[in-house]
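*Asks:* I am attaching a structure below and will ask some questions about it afterwards.
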Amino acid sequence: MIHYQVVPESPEAHLFQLELRVDDPDPAGQCFWLPAWIRGSYLIRDYARHIITLEAECLGQPVSLEKLDKQTWRAQPCQGSLRISYRVYAWDLSVRGGHLDTRHAYFNGPCLFLAVAGREQEPCRLSLKAPAGVGYGAWRVATGMPVEAVDERGFGDYLSSDYEALLDYPVEMGEFESVVFNIDGIAHRIVLSGRHDGDLERLADDLGKVCRQQIALFGELPVSSYLFLLWVVGDGYGGLEHRNSSSLLCSREDLPHVDRREASEGYRRLLGLCSHEYFHLWNVKRITPEPFLQADTRQEVYTRQLWVFEGITSYYDDLALVRCGLIERDAYFELLAQTISQVRRGSGRLKQTLEESSFDSWTKFYKQDENAPNAIVSYYAKGALFALCLDLHIRLESKGAQSLDDVMGALWRAYGKPGVGLPEWGFERLASEVTGLPLAELFQLGVRSTRELPLARLLQPFGVEMHLLPARSPTDKGGVVQEPPERPRPQAVLGAATRQLAEGIQVNQVFDGGAAQRAGLAAGDLIIAVDGLRLTETQLQQRLARTPLGDRLPLHQFRRDELMELQLEACPAADDTCLIHFTDPPSRQQLQRLAAWLQSDDGAD
Ligand code: ZN
């Protein structure tokens with residue numbers, strides 16, 4: 001047994017005090033290490049850089065520690081119980097780190113818990129202590145970690161089966177609110193920390209529907225309790241999945257309110273986020289890529305299948321909302337149209353495949369720079385669209401007898417439930433086996449090539465017509481229209497992402513082949529005048545929209561401190577905006593297919 005103790009020692013200095021005790025250390029000199037990354041977020045974060053002080057003692061005598069690399073230490077050989085004391089700085093406002101102030105304490109295991117090298121399989125006991133001092137008397141603890149012995153506030157001892165498990169239970173301490181709902185006797189608790197005036201009962205009701213939907217898909221719920229740790233801030237968004245909990249960050253305005261019945265866009269997004277993290281309970285926490293099972297979190301681990309875990313999860317997160325009636329059919333297709341537009345707007349989709357995007361997540365997806373739209377494709381967004389293609393293809397080819405739901409159920413039974421890692425070829429092979437369909441061509445196109453996905457062809461038999469047209473306005477992300485859309489008059493656009501500053505228009509990203517790139521604009525440039533006039537971002541968009549295609553406008557800008565004059569040629573907007581409308585009137589077959597897909601009753605007589 002390895003013993004850990006955490007005290008939020010100096011909330012005002014954002015310092016956790018840690019103690020680690022090993023009763024029979026390696027006589028040759030015990031080594032310790034800290035993870036470089038956290039599971040679910042594929043970026044080297046080097047958590048060890050936040051360790052501020054570190055010392056060791058054995059039977060009351062100081063023991064020297066030698067640092068071997070950025071995250072590994074070796075204690076001088078000693079006999080008897082070895083005690084390591086260290087302080088960790090925690091000021092990361094995200095779900096992937098630790099955050100401590102006088103309002104609350106939050107941490108993920110990889111930030112705090114040194115591993116005892118060679119002893120990673122041993123069970124761990126964690127003692128959680130409340131901060132000393134007045135003002136902390138009402139603090140409580142929320143975590144999914146199994147309890148050994150705690151007081152009524154949750155402080156005391158917790159147990160984890162091994163070091164990897166210890167890392168997978170985030171902890172929240174503070175004065176939080178909570179609400180519980182049960183599914184088949186299994187308690188689901190939502191803990192909200194941070195100021196808010198949300199309607200917790202409604203949140204619990206709605207989340208209950210989402211969870212039941214996901215459980216129905218996989219056929220069983222492999223946990224004895226579940227915890228949503230929701231951290232409410234003024235402006236934030238994020239989530240991270242864990243084995244029996246998830247950490248979520250949302251904006252205050254995203255919560256449902258007692259006086260507002262309709263679901264706001266923010267609330268829809270929050271439900272989608274919760275749905276996403278809950279789906280991960282099966283898909284990635286238990287159905288896990290084989291390379292992940294074999295490796296620890298000291299260095300990068302590579303898989304070509306991240307799209308299976310993030311893309312398929314992204315496909316089902318919103319689908320669950322429409323299937324359980326929390327959003328309407330049109331709202332679902334609005335979200336789908338926006339995802340299609342998002343992927344179509346990056347020429348990176350023509351350069352990077354889904355497998356490559358998965359493999360290079362460490363250095364590309366998680367390290368996006370100004371050129372990202374031209375260089376990479378998201379394994380979330382394109383992964384979700386490929387999952388959609390796969391689902392619709394299976395439904396059509398099997399004449400409605402099968403779907404991606406069957407593949408996911410089989411994936412759970414073959415890999416998740418028995419805890420067998422999913423081999424790199426595993427998903428594709430299982431999908432073919434389960435459905436009995438030849439899927440090689442579709443997989444080749446969707447995950448190993450950069451050709452466009454056959455979305456329009458696959459959606460049409462469901463009564464869903466997809467169109468790609470130029471954006472109707474600078475803020476147009478695509479959506480649902482009631483009539484077949486007409487092609488708008490070709491208008492010129494800048495072909496860059498910009499931001500209005502007091503001094504001018506700042507260029508943030510320049511898109512391949514657009515007017516901005518052809519003129520020679522670059523990220524970071526500051527546009528100060530167009531055709532001799534100072535314009536706002538909106539005025540520039542309007543001016544371009546009424547400039548005949550092919551005409552040139554003189555443009556003045558600063559690159560760093562140098563004034564430059566460029567010629568901006570009016571180039572038309574690309575067909576990168578997805579508009580969806582429904583076949584009118586739909587055939588009976590289309591209605592039935594759509595109803596089966598969305599699990600609605602609309603197709604029934
Ligand atoms: Zn995810």
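The values are calculated or read from the model by the stated rules, or taken from the named source; none is laboratory data. Treat the numbers as computed from the prediction; the structure is a model and nothing was measured. Please note: Cβ atoms are built from the backbone with ideal geometry, for glycine as well, and neighbour counts cover all protein chains shown. Accessible surface areas use protein heavy atoms only, side chains included; no ligands, DNA or RNA. Shrake-Rupley method; radii C 1.70, N 1.55, O 1.52, S 1.80 Å.
*Asks:* Suppose we filter Asp531, Asp476, Asp512, Asp525 for residues that are assigned by TED's automatic domain parsing to the domain that holds Leu563 and farther than 22 Å from Asp561 by Cα; which single one remains? Even if it seems obvious, please write down each step before you answer.
*Replies:* Numbers: Asp531 fails: farther than 22 Å from Asp561 by Cα; Asp476 fails: assigned by TED's automatic domain parsing to the domain that holds Leu563; Asp525 fails: farther than 22 Å from Asp561 by Cα.
When all the criteria are applied, what remains is Asp512.
*Asks:* Looking only at the stretch 552-605, how many residues end up being more than 20 Å from Asn508 (Cα to Cα) and among the charged types (D, E, K, R)?
*Replies:* Adding up the residues that qualify gives 8.
*Asks:* Does the stretch 248-260 hold any residues that are open to solvent by less than 70 Å² (accessible area, probe 1.4 Å) and outside any helix (DSSP H, G or I), and which are they? Walk me through it before giving the result.
*Replies:* Kept after step one, since they are open to solvent by less than 70 Å² (accessible area, probe 1.4 Å), are these residues of the stretch 248-260: 248-251, 254-257.
The answer is Leu248, Leu249, Cys250, Ser251, Leu255, Pro256, His257.
*Asks:* Also: Give, as residue ranges, the helices (runs of 4 or more DSSP H) completely inside the stretch 290-354 that count at least 2 residues that are within 17 Å of the chain's Cα centre (by Cα) and touching a residue at least 40 places away in the same chain (Cβ under 8 Å).
*Replies:* By residue number, 312-323, 329-344.
*Asks:* If you don't mind, another one. Kindly list the number of the only condition in (1) more than 30 Å from Ile287 (Cβ to Cβ); (2) in contact with a Leu (Cβ under 9 Å, 6 or more places away or on another chain) that fails for Asn108.
*Replies:* If we test Asn108 against (1) more than 30 Å from Ile287 (Cβ to Cβ); (2) in contact with a Leu (Cβ under 9 Å, 6 or more places away or on another chain), just (1) comes out false.
*Asks:* Among the residues of the stretch 312-334, which ones are more than 16 Å from the ligand (Cβ to nearest atom) and within 30 Å of Ala573 (Cα to Cα)?
*Replies:* Residues satisfying the conditions are Arg329, Asp330, Ala331, Tyr332, Phe333, Glu334.
*Asks:* Could I ask something else about it? Give just the number: which of (1) more than 30 Å from Phe113 (Cβ to Cβ); (2) in contact with a helix residue (DSSP H, G or I) (Cβ under 8 Å, 6 or more places away or on another chain); (3) open to solvent by less than 40 Å² (accessible area, probe 1.4 Å) does Phe333 not satisfy?
*Replies:* (2)
*Asks:* Name the residue that is surrounded by the most Cβ atoms within 10 Å (Cβ to Cβ), counting only residues in the stretch 295-306 that are away from the ligand (no atom under 11 Å from the Cβ) and over 18 Å from Tyr163 (Cβ atoms).
*Replies:* My answer is Gln305.
*Asks:* If you don't mind, there's one more thing I want to ask. Which one is nearest to Ala331 (Cα to Cα) among residues in the stretch 248-266 that are more than 16 Å from the ligand (Cβ to nearest atom) and touching a helix residue (DSSP H, G or I) at 6+ places or on another chain (Cβ under 6 Å)?
*Replies:* The first filter runs over the stretch 248-266 and keeps only residues more than 16 Å from the ligand (Cβ to nearest atom), leaving 251-266.
Still in the list and also touching a helix residue (DSSP H, G or I) at 6+ places or on another chain (Cβ under 6 Å): 253-254, 256, 266.
On the way: Glu253: 19, Asp254: 17, Pro256: 17, Gly266: 13 Å.
So, considering only residues that are more than 16 Å from the ligand (Cβ to nearest atom) and touching a helix residue (DSSP H, G or I) at 6+ places or on another chain (Cβ under 6 Å), the one nearest to Ala331 (Cα to Cα) is Gly266.
*Asks:* Condition first: in contact (Cβ under 8 Å) with a residue 40 or more places away in the chain and of a type in the set (Ser, Thr, Tyr). Can you find one or more residues in the stretch 151-160 that meet it?
*Replies:* If we filter the stretch 151-160 for residues that are in contact (Cβ under 8 Å) with a residue 40 or more places away in the chain, which is where we start, we get none.
No, because not a single residue in the stretch 151-160 is in contact (Cβ under 8 Å) with a residue 40 or more places away in the chain and of a type in the set (Ser, Thr, Tyr).
*Asks:* Let me ask something additional. Name the strands (runs of 3 or more DSSP E) wholly within the stretch 497-602 that hold at least 2 residues that are more than 24 Å from Ala372 (Cα to Cα)? Lay out the reasoning, then the answer.
*Replies:* On the way: elements: 505-510, 526-530, 552-559, 562-569, 577-582.
Filter on the stretch 497-602 gives 526-530, 552-559, 562-569, 577-582.
*Asks:* Residue under question is Thr363, and the condition is that it be assigned to a loop (DSSP other than H, G, I, E, B) and without any contact (Cβ under 8 Å) to a residue 24 or more places away in the chain; does it hold?
*Replies:* yes
Conditions (1) within 12 Å of Ser178 (Cα to Cα); (2) buried (at least 18 other Cβ atoms within 10 Å of the Cβ), marked per residue:
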site	(1), (2)
Ser193	yes, yes
Gly198	yes, yes
Asp206	no, yes
Leu217	no, yes
Ser224	no, no
Leu227	yes, yes
Gly236	no, no
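*Asks:* Looking only at the stretch 353-369, decide whether some residue is away from the ligand (no atom under 16 Å from the Cβ), over 23 Å from Met408 (Cβ atoms) and crowded, with 23+ Cβ neighbours inside 10 Å.
*Replies:* no
*Asks:* Look at Ser245 and say whether it is within 13 Å of the ligand (Cβ to nearest atom), surrounded by 24 or more Cβ atoms within 10 Å (Cβ to Cβ), within 19 Å of the chain's Cα centre (by Cα) and not basic (Lys, Arg).
*Replies:* Working: within 13 Å of the ligand (Cβ to nearest atom): no; surrounded by 24 or more Cβ atoms within 10 Å (Cβ to Cβ): yes; within 19 Å of the chain's Cα centre (by Cα): yes; not basic (Lys, Arg): yes.
No; evaluated as a whole, the condition is false for this residue.
*Asks:* Continuing with the same structure: Please find, among Phe292, Phe309, Phe279, the residue that is aromatic (Phe, Trp, Tyr), open to solvent by 10 Å² or more (accessible area, probe 1.4 Å) and within 16 Å of the ligand (Cβ to nearest atom). Don't jump to the end; show me each part of the working.
*Replies:* Working: Phe309 fails: open to solvent by 10 Å² or more (accessible area, probe 1.4 Å); Phe279 fails: open to solvent by 10 Å² or more (accessible area, probe 1.4 Å).
One residue alone meets the criteria, Phe292.
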